[in-house]
Amino acid sequence: MQKPFEHQATTTQFILDNPRVLITSDPGTGKTRSVLDAYAQRREGKLLVLAPLSILAASWGDDCDKFQPGLTYAVAYARNRAEAFKADVDIVITNHDAVKWLLKNKQYLDGFDTLCIDEFTAFKNKDSQRSKAAARVAEHFEYRIAMSGTPNSNTILDIWHPALLVDDGERLGKRFYGFRSSVCTPQFNGFANVWVDKPEAQDMVAAAIKDINVRYMLESCIDMPEQSVHTMYVDLPPKILQQYNTLAEDSVLYTGKGTINAIHAGAKVKKLLQLCTGAVYDDHGSSLMVHDARYQLVMDLIQARDHSLVAFNWRHEREKLTELSDKAGIKYDFIDGSTPAKKRKDIVDRMQAGQLQVVFAHPQSAGHGLTLTRATSVIWASPTYNAEHYQQFNRRIYRAGQTKKTEVIQIAARDTWEPDVYEKLQDKLERMEDLLTVLNKLNELRKTA
């Protein structure tokens with residue numbers, strides 16, 4: 001068995017030394033192994049893992065088999081949840097939404113003493129039913145671990161509830177509104193007050209959680225090849241650009257095939273971004289394809305590379321890209337919300353074996369846990385507003401095991417909002433990096449103390 005990296009061994013020891021832990025190390029640093037190694041050494045009660053549905057078997061199950069074959073585990077899906085929790089195993093791996101079921105069936109928590117929440121941003125919304133259930137379930141556990149490489153992808157407020165799940169509010173406070181007032185200020189944006197992070201918010205939060213936090217940058221613990229990011233532009237056909245401007249101004253568009261309404265600002269932005277990618281959806285969810293301006297560029301990029309990972313945000317993008325791949329004889333597969341866990345693992349294995357030239361994937365469905373280091377290019381067929389999805393998706397190829405230079409290619413239509421979306425995305429990432437940089441410095445100071 002391969003020995004753990006030094007940073008993994010240090011993380012394992014930190015978990016053993018602290019009953020409550022936040023791990024904010026970068027995606028790709030091998031956080032899962034550190035948790036499994038720590039549990040294997042302590043191994044008092046059972047371990048419950050809450051993780052994204054897409055990586056229950058593909059990440060956690062595989063890592064158990066690879067790094068701790070002496071541990072037994074069961075993967076609990078909705079169809080077999082009760083049987084999995086009753087099984088005589090060391091670890092039960094289930095999805096985030098299972099906390100609502102567990103809250104109603106607490107008897108299945110008997111024998112567990114360790115909780116690990118993978119991708120704790122799933123519980124950042126304190127008011128969701130899932131987050132409220134998680135808080136009640138977490139009370140059952142003596143040892144608690146929560147981990148994410150993107151802890152504050154939108155605002156510093158994202159970290160409050162995950163921290164509460166770990167330490168019951170000891171460090172960031174038991175009351176959300178008190179925390180918000182201490183790290184944010186209200187600003188009127190023309191419609192309502194929004195809460196904006198204070199300049200010192202990252203330092204305040206980092207100082208508060210430093211004793212339970214462990215963090216490593218990927219580049220500081222693994223010799224990673226360079227990764228470049230650049231944007232490639234396409235021009236919308238004149239008729240489509242005119243339709244784009246009409247929709248932007250009037251909120252109603254007649255495409256010749258149907259009428260599209262976009263009354264509210266959020267709906268308008270969504271429809272405009274859809275139109276940039278070649279289609280718009282009516283109120284019944286049916287897509288009206290109006291152009292395919294960008295897809296030949298995506299295909300040219302794919303054909304010029306050995307192995308690529310392509311992000312799509314809309315169903316019509318997947319359909320058009322797979323249609324063109326079929327015509328070109330390109331070996332591909334796709335991952336989205338309809339892809340079963342078993343097939344998802346098979347797709348990853350085939351890509352890693354070099355059997356696929358490209359995997360088309362929705363960022364939300366393939367943004368966590370999957371290793372696709374055979375690919376050296378991530379191509380964004382269209383932008384996403386979600387900074388967590390963006391960074392996590394890019395890290396599918398930029399992680400431990402990657403031996404070649406990698407690139408991220410962002411495709412945007414000129415004279416539209418798409419370039420602005422990528423720009424706003426970078427602003428969110430910079431705010432997230434501010435906190436992570438402080439946490440990294442504090443971790444370095446702790447090691448030298």
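Brief remarks on what is shown
- Residues whose placed amide H lies under 5 Å from that of Ala413, excluding near-sequence neighbours: Val234, Glu418
- Potential lengthening of the chain between Asp17 and Asp250 amounts to 77.8 nm, from the contour at 0.36 nm per residue minus the alpha-carbon distance.
- Evaluating 6.51 cos²θ - 1.76 cosθ + 1.60 at θ = phi - 60° for every residue in region 383-400, the Karplus couplings come out as x, 10, 7, 8, 5, 5, 4, 4, 5, 4, 5, 4, 7, 5, 9, 9, 7, 3 Hz, glycine and proline recorded as x.
- Estimated distance in nm for a label pair at Lys405 and Ala341, the labels positioned 7 Å out from Cα along Cα-to-Cβ: 4.0
- Nearest-ten-degree value, helix 265-276 long axis tilted from longest Cα axis of the chain: 60
- Estimated from helical segments only, the mean residue ellipticity of the chain at 222 nm is -12000 deg cm²/dmol, where each DSSP H run of four or more residues counts as -39500 (n - 2.57).
- The angle between the Cα long axis of helix 31-42 and the longest principal axis of the Cα atoms of the chain comes to about 20 degrees, rounded to the nearest 10.
- For Ala248, net neighbour charge (Lys/Arg +1, Asp/Glu -1) across residues whose Cβ lies under 10 Å away: 0
- Given the alternatives (1) 31, 28, 22; (2) 37, 26, 22; (3) 42, 27, 20, semi-axes √(5λ) of the Cα gyration tensor in Å as computed for this entry is given by (2).
- If only the Cβ of Lys and Arg carry +1 and only the Cβ of Asp and Glu carry -1, the dipole of the chain around its Cα centre is close to 780 debye.
- Only protein heavy atoms count here; under a 1.4 Å probe, Phe188 has an accessible surface of about 140 Å².
- Between amide H atoms placed 1.01 Å from N, distances below 5 Å from Ile330 occur with no residue 5 or more places distant or on a separate chain.
- Percent carbon-and-sulfur accessible area, the chain, ignoring ligands, DNA and RNA, probe 1.4 Å: 48
- In degrees, nearest ten, helix 238-250 long axis to first principal axis of the chain (Cα): 70
- Label point 7 Å beyond Cα of Tyr233 along Cβ direction - residues of region 385-418 with amide nitrogen under 18 Å: 409-418
- Note on the chain: GNM, Cα springs under 10 Å; of Tyr233, Tyr177, Tyr73, the largest mean-square fluctuation is that of Tyr177.
- Among the lysines of region 1-108, pairs at least eight places apart or on separate chains and with Cα atoms under 25 Å apart come to 14.
- Whole-Hz couplings from phi, Karplus 6.51/-1.76/1.60, listed for region 431-443; x for Gly and Pro: 5, 5, 5, 4, 5, 5, 5, 5, 4, 5, 5, 5, 5
- Summing Cβ point charges (Lys, Arg +1; Asp, Glu -1) relative to the Cα centre of region 322-449 gives a dipole of roughly 740 debye.
- Beta bridges from DSSP with both residues in region 73-196: antiparallel share about 30 percent, rounded to the nearest 5.
- Annotation: lysines with alpha-carbon distance below 29 angstrom to Lys270 (same-chain offsets under eight excluded): Lys124, Lys126, Lys239, Lys257, Lys320, Lys424, Lys428.
- The mean accessible area for residues of region 115-182, using a 1.4 Å probe and ignoring ligands and nucleic acids, is 36 Å² per residue.
- Length-normalised contact order of the chain in % [C-alpha pairs under 8 Å, at least 6 apart]: 17
- Label zone at Asp223 (point 7 Å along Cα-to-Cβ), backbone N below 19 Å, region 388-403: 398-403
- Projecting the Cα atoms of Tyr295, Leu36, Gly178 onto the dipole axis of the chain, where Lys and Arg carry +1 and Asp and Glu carry -1 at the beta carbon, places Leu36 farthest toward the positive end.
- DSSP beta bridge pairing in the chain, given as percent antiparallel to the nearest 5: 20
- Comparing Asn154, Asn80, Asn18 in a Gaussian network model of the chain (Cα springs below 10 Å), the most mobile by mean-square fluctuation is Asn80.
- Positive-end residue, the chain charge dipole about Cα centroid, Cβ charges, pick of Ala413, Val269, Ile91: Ile91
- In this label model, Lys86 and Gln129 are separated by 2.5 nm, measuring between points 7 Å along each Cα→Cβ vector.
The values are calculated or read from the model by the stated rules, or taken from the named source; none is laboratory data. Note that the coordinates shown come from a computational prediction; the quantities given were computed from them, not determined experimentally. Virtual Cβ from ideal backbone geometry, glycine too; neighbours counted across all protein chains shown. With ligands, DNA and RNA removed, areas are computed over all heavy atoms of the protein, side chains included. Shrake-Rupley method; radii C 1.70, N 1.55, O 1.52, S 1.80 Å.
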